[in-house]
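This report refers to the structure that appears directly beneath it.
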Amino acid sequence: MAITKLEDLRGIIELADEEKAWDEDGENTLPLLISDDIIPLLPINGIRHQFVPSIMENEDSVGSLDPQEEREHKGTERLVHRYRNRAAFFTTDKCFAYCRHCFRRRMTGHMIGPASREEIEEASKYIAEHKEIKEVLLTGGDLFTLSDSHLDMLLSIFKTNCPSVIFRLCTRAVAVNPERFTDSLMEIIKKHNHDAPFFLMTQFNHPAELTEKAIKATARFIDMGIPAFNQSVLLKGVNDDENILIELSNKLLYTRIKPYYLFQDDPVRGTSHLRVSIERGLEIEKNIRSELSGLGMPQYTADLPQGGGKVILTHAYYKGSITENGKERYIFETPDGEIRYYPE
Ligand SMILES: *Cc1c(COP(=O)(O)O)cnc(C)c1O
Ligand code: SF4
């Protein structure tokens, strides 16, 4: 049985004082829901901090509930059109487990429910009319909390009205509820995977989440020809450790998932206690880059406040240029910390 109350955790982990003090009706929080597949992993701190709430959520006063100002970039009621050529559609506000670091907590778990047929049709018309939109993220909440029939309806409408748009299937369910990916569900996805391709976007933050079941669920997509990319969030006490991130990336590659983004946790109120400083993030980025292949290296990325958009954060290897004898030369730091001059 999924965990929905602090008492349910008795006998699984010993709650710390700040966990016991969490107030589900307090400020800045979202429901407690931990799925069956995550429960046995809770003794691992890197899993526990992602799913067990803390009073620090309630007490946080930093940031806003919508730092990306997604509500300001509405295409339709559930469609955010912030980048010219891509948009995000909120299929639902529900998830199989709620992540304490959720940056969409202004809407997740608020029982708004799945997008209606009218909302899907309205969004698909908007996308079809805006020919510049090439990619749409089907996100939430978790897309796969929709029933098979609802998902079938949603994909039918989008694929019929926007056949040349690439849809990203954004889900954490392969990690937190891999049983969702039944034969009947996979048949529905297969049926709609024509014209423009689907891409699977996963969220694995810690190597322990890549259980055998999670790997198998992801493989069902990849075996169908759907490429898989992972978006992690850099989280204190979870993966703010070079060795953990390196292990995560290598495990992802063996699962045929490309590490895509490593997100700086957004300044969303209620998540400060999980945030890693950008200074430390940059150090981690540099350190893991020297241990990972290009395939294994995610892009460390921040989503700037006031709807500024995503920017890549990386150690500055380019140090400027100098002019010598009328010729300009670029100055670089090598990954080993030496200096090299690059001719113009
Ligand atoms: C992140 C995001 C996207 C996709 O950005 P990519 O850099 O292409 O992965 C699209 N729309 C919104 C609103 C986003 O937040
Ligand atoms: S799965 Fe995504 S939307 Fe759901 S709680 Fe986690 S981060 Fe938020």
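Taking every residue in the stretch 24-39 that is within 16 Å of residue 11 (Cα to Cα) and open to solvent by 10 Å² or more (accessible area, probe 1.4 Å) and pairing it with any residue that is part of a loop (DSSP other than H, G, I, E, B) and among the β-branched types (Val, Ile, Thr), at least 6 positions away or on another chain, the pairs with Cβ-Cβ distances below 9 Å are 39/12. Filter the stretch 294-313 down to the residues that are surrounded by fewer than 14 Cβ atoms within 10 Å (Cβ to Cβ), closer than 26 Å to residue 342 by Cα and in contact (Cβ under 8 Å) with a residue 12 or more places away in the chain and list them by number. Selection gives 295, 312. The condition (being under 13 Å from residue 120 (Cβ atoms) and buried (at least 21 other Cβ atoms within 10 Å of the Cβ)) is satisfied by just one residue among 169, 146: 146. Can you tell me which of (1) among the hydroxyl-bearing types (Ser, Thr, Tyr); (2) farther than 25 Å from residue 141 by Cβ; (3) within 16 Å of ligand 2 (Cβ to nearest atom) is the one residue 277 doesn't meet? Condition not satisfied by residue 277: (3).
All of 177, 205, 193 fail the test of being open to solvent by less than 60 Å² (accessible area, probe 1.4 Å), modelled with pLDDT of 95 or more and touching a His at 6+ places or on another chain (Cβ under 9 Å), apart from 205. If you scan the stretch 94-122, which residues turn out to be at pLDDT below 95 and touching a Pro at 6+ places or on another chain (Cβ under 6 Å)? Selection gives 109 alone. Residue count for the stretch 61-106 satisfying the condition of being more than 13 Å from ligand 2 (Cβ to nearest atom), acidic (Asp, Glu) and part of a loop (DSSP other than H, G, I, E, B): 3. For beta carbons closer than 8 Å, sequence separation of 6+ or different chains, a first residue in the stretch 215-232 that is within 25 Å of residue 301 (Cα to Cα) and open to solvent by less than 20 Å² (accessible area, probe 1.4 Å) and a second that is hydrophobic (A, V, I, L, M, F, W, C) and part of a loop (DSSP other than H, G, I, E, B), the qualifying pairs are 230/204; 232/204.
Here is the figure for the stretch 170-209: residues that are assigned to a helix (DSSP H, G or I) and either among the charged types (D, E, K, R) or in contact with a helix residue (DSSP H, G or I) (Cβ under 7 Å, 6 or more places away or on another chain) (or both) total 18.
Here residue 51 meets the list (1) touching a Cys at 6+ places or on another chain (Cβ under 8 Å); (2) under 30 Å from residue 158 (Cβ atoms) almost entirely, failing just condition (2). Of everything in the stretch 68-81 that is touching a strand residue (DSSP E or B) at 6+ places or on another chain (Cβ under 7 Å) and within 11 Å of ligand 1 (Cβ to nearest atom), the residue that is most open to solvent (accessible area, probe 1.4 Å) is 74.
The values are calculated or read from the model by the stated rules, or taken from the named source; none is laboratory data. Everything quoted here is computed from the prediction, not taken from an experiment. Counting neighbours? That spans all protein chains shown, and the Cβs are built from the backbone with ideal geometry, glycine included. Keep in mind that these areas ignore ligands, DNA and RNA; they rest on the heavy atoms of the full protein, side chains included. Shrake-Rupley method; radii C 1.70, N 1.55, O 1.52, S 1.80 Å.
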